[in-house]
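Structure, as structure tokens:
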Amino acid sequence: MAQKTPGGSPGRLTRRALSVLTAGVLAAAGVVSLAGTAEATGALGDAAAAKGRYFGAAVAANHLGEAPYASTLNAQFGSVTPENEMKWDALESSRGSFNFSAADRIVDHARGQGMKVRGHTLVWHSQLPGWVSGLAATDLRAAMNNHITQVMTHYKGEIDSWDVVNEAFQDGGSGARRSSPFQDKLGNGFIEEAFRTARAVDPGAKLCYNDYNTDGQNAKSNAVYAMVKDFKQRGVPIDCVGFQSHFNSNSPVPSDYRANLQRFADLGVDVQITELDIEGSGSAQAADYTTVVNACLAVSRCTGITVWGVTDKYSWRSGGTPLLFDGDYNKKPAYGAVLAALGGSDGGGDGGGTGACTATYTQTATWNGGYNGQVTVKAGSAGITTWSVPVTVPSPQKVSALWNGAPAWDAGGTVMTVKPTYNGTLAAGASTSFGFTVTSNGSTAAPVVGACTAS
Ligand code: G3I
């Protein structure tokens, strides 16, 4: 086990540097060939990287030995977040005794694949060992700073962004800080102290505040906003804000999601979507994923997206099937929608949908003030009886006409999910098309056509 006690371990990179050096010497001697240095980021990761962003997944160490889990992770994602393995109870369950073994397995896997790593999380009221809660203020402050120092030293140079403080604000309308051992004994100042300590340990890591129910403008996000603004004004080192983005019918994607990301970005921090999952299925779920990805793409300081797991079967909300791959690692319509929104392609295959149909967009006419678009829907190797295709029209563009299809609009009025009017039944390999007219209202952005879903 990778047990380590405090007292100045140089961190993992020193060991890594030695092994790279050894490999380099062997390569120079013609004994082995070294892989190229380009990052391999996977299909979603590559598509996101082409847009200047990362696309990652939360990962559990104990699933890495499951072949389809690892191959899906490796083939698709460019970043990982340990789902539980870097939490306080996992790393320092008794005071001063650190166990990095499970977290190291994830970091080693990720780095072996050229993936980035998000660190989650240094200071959080949950998954906190009992010994921490029992400490009096002075001791608690020392324990918090020591925990940050030991963990960040161990991973120094290997973590792209750290969630330094997680979920420190209450839900509801109060905008107050959440009661926790840190808040109750150290007061509001514990957050800035954690960030200052973190910066001193690894100046190369981006330091994030991360929370949930802050995805739209509300009392909680306003309180976080005020804190970040204050930190920026006073020079407290904060680089990013994480928006967890756990969505379902009780907590849908807010209509002001993009605007909320933008207002934080305007404070001079990066924003990241850190724990995305959206309960649901089919084209509705796909449309919501499209909305989230497009929101990130529309905010230049939105640097990346992490989905909270690889497969529905291991999700913390598995009953809500909130992820991009089903329990058998099949791509869901949401997968195709994300890939399409990122501008990627699925190798000319099924568009990431059910495998039963594809959707291909062409602009057929353009003029000053608008354009016509056409989507060709093609059945795969079997006949289908109906299909649906989500089309996102970037604001402030408006659809003024649609033919050969019937639209269902999302609440925000930007995604129309098009279904057939008369042309649902297609033989294997046969195609049909629908078309639409868009008033551009000054925007020249192309619409985003998601994955075709058939039945
Ligand atoms: O691994 C043990 C297993 O050995 C034991 O038999 C079993 C019995 O309960 O528990 C297993 O541990 C569970 C662990 O997940 C791994 O599956 C814990 O009980 C369970 O509490 C833990 O839940 C995690 C949760 O955080 C804890 O708060 C979820 O996996 C994880 O997805 C979730 O992630 C959080 C983020 O860190 C912060 N934001 C919200 C998000 C969702 O709750």
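Read the figures in this text as sums done on the coordinates, not as results from a lab. Keep in mind that this is a model prediction, so the values were computed, not measured. In this analysis, Cβ positions are derived from the backbone assuming ideal geometry, glycine residues included, and neighbour counts consider all displayed protein chains.
Put the Cα centre of region 199-273 next to the Cα centre of region 48-80 and the gap is 24 Å.
Taking every DSSP bridge with both residues inside the chain, close to 55 percent are antiparallel. Structural descriptor for region 297-437: relative contact order 18 percent, calculated from alpha carbon pairs under 8 angstrom and at least 6 residues apart.
Among 168-177, 267-276, sorting by the average number of other beta carbon atoms lying within 10 angstrom of each residue, highest first, gives 267-276, 168-177.
Counting only the backbone N, which residues of region 65-109 are under 11 Å from the spot 7 Å out from the Cα of Gln127 toward its beta-carbon? Residues 81-91, 103 fall inside that zone. Cross-link pairs exceeding 19 Å in C-alpha to C-alpha distance, out of Lys51/Lys229; Lys51/Lys87; Lys206/Lys229, comprise Lys51/Lys229; Lys51/Lys87.
Can you tell me how the chain classifies by the Cα gyration tensor, rounded, prolate or oblate, using a/c under 1.5 as the rounded cut? It is prolate, given that a/c is not under 1.5 and a/b is the larger ratio. So how much slack lies between Tyr361 and Ser455, counting 0.36 nm per residue of separation and subtracting their Cα-Cα distance, in nm? 31.8 nm is the gain from fully extending Tyr361 to Ser455.
Projected label points at Glu66 and Ser174, each 7 Å from Cα along the beta carbon direction, are separated by 3.9 nanometres.
Convex hull volume of the Cα atoms of region 106-186, normalised per residue: 111 Å³.
Segment Thr425..Ala137, full-extension length gain: 96.8 nm, with 0.36 nm per residue of separation and the alpha-carbon distance subtracted. Which lysines does Lys398 reach when only Cα atoms under 22 Å apart count, and residues fewer than 8 places away in its own chain are ignored? Those lysines meeting the cut-off are Lys419. Measure off 7 Å from each Cα along the Cα-to-Cβ vector at Thr439 and Arg95, then give the distance between these two points in nanometres to one decimal. In this crude spin-label approximation the distance works out to 6.8 nm. The mean sequence distance of close C-alpha pairs (under 8 Å, at least 6 residues apart), as a share of the length of region 357-431, puts its relative contact order at 34 percent. Return a whole-number percent for the relative contact order of the chain, with Cα pairs under 8 Å and 6 or more residues apart as the contact set. About 12 percent, as a whole number. Compared with the direct C-alpha span, the chain from Asn248 to Lys185 gains 19.2 nm at full extension, assuming 0.36 nm per residue. Using the Cβ of Ser443 as centre and a radius below 15 Å, the other residues enclosed give a net charge of +2, where K and R count +1 and D and E count -1. Using θ = phi - 60° and the Karplus curve 6.51 cos²θ - 1.76 cosθ + 1.60, what whole-Hz ³J(HN,Hα) does each residue of region 430-440 get, with Gly and Pro shown as x? Per-residue couplings from phi come out as 7, 9, 9, 8, 10, x, 8, 10, 10, 8, 7 Hz.
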